[in-house]
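These notes concern the structure reproduced below.
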Amino acid sequence: MRSAVLLGLVVMASAAFAVKDTLSEMQSRFDRETRGVPKAKLIEKLGDMQFEAARTAERAGNYSAMALIMEKYRDNVKAASDSLKKEHADPERHSNGYRQLEMHVRKGIREVDEILLVAPEPYKPPLQLVRLDLISADDELLRMLFPRRRDEAGAAPQSPGAQR
């Protein structure tokens, strides 16, 4: 019985180290990527791995690590967004990468919301800042993907059923 428990702990520790290695490898790959679209697509895998690592840290009671992981996710979102803007300045015409990033940022906001429910009070302010930054990034991505169209006079277009 004792050896089975010990074996189980060793397997769990090995799995945790394997995930961490994979996470660090994915982070390195993300950091090396210079092109906007591949960087934005990498955030899907990297972000999911970061969310899992944050959940694991939360279950272990390591709220500092959990907060740092979510801050790194926010930084990665900014890096991917900046890279996309540099490469494709018109997301309405070249939306590849922008769409994936926006959908993942929305998922990141939900993850932070869930973490905020269980995080002790001293860890909430930095996580709330991460949440606000992600909301700002999501809003910006949506504005870029779906800009409001204006006619030549600068007025907003009327809806199809509206009368002049």
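A few remarks follow.
- Some residue of the stretch 89-97 being over 17 Å from K72 (Cβ atoms), part of a helix (DSSP H, G or I), open to solvent by 20 Å² or more (accessible area, probe 1.4 Å) and not hydroxyl-bearing (S, T, Y): no
- Taking the criterion of being touching a residue at least 60 places away in the same chain (Cβ under 8 Å) and closer than 16 Å to I43 by Cα, the residues of the stretch 78-127 that qualify are S81, G97, Q100, L101, H104, K107, G108, E111.
- Note on the stretch 35-50: residues that are of a type in the set (K, R) and either outside any helix (DSSP H, G or I) or over 19 Å from H94 (Cα atoms) (or both) total 2.
- Contacts under 7 angstrom Cβ, first residue in the stretch 30-49 being farther than 12 Å from L101 by Cα, partner of a type outside the set (A, V, I, L, M) and open to solvent by 40 Å² or more (accessible area, probe 1.4 Å), 6 or more apart: R35/E87; M49/T22
- Filtered by the rule that a residue be open to solvent by 60 Å² or more (accessible area, probe 1.4 Å), of a type outside the set (K, R) and within 18 Å of T34 (Cβ to Cβ), the stretch 61-88 gives D75, D82, E87.
- Applying the set (1) of a type in the set (A, V, I, L, M); (2) farther than 19 Å from M144 by Cα; (3) surrounded by fewer than 16 Cβ atoms within 10 Å (Cβ to Cβ) to M103 leaves exactly one unmet item: (2).
The values are calculated or read from the model by the stated rules, or taken from the named source; none is laboratory data. Quantities reported herein were computed from a predicted structural model and do not represent experimental measurements. As a convention, Cβ positions derive from the backbone with ideal geometry for all residues, glycine included, and neighbour counts pool all protein chains shown. Heads up: the accessible areas ignore ligands, DNA and RNA and are worked out on the full protein's heavy atoms, side chains in. Shrake-Rupley method; radii C 1.70, N 1.55, O 1.52, S 1.80 Å.
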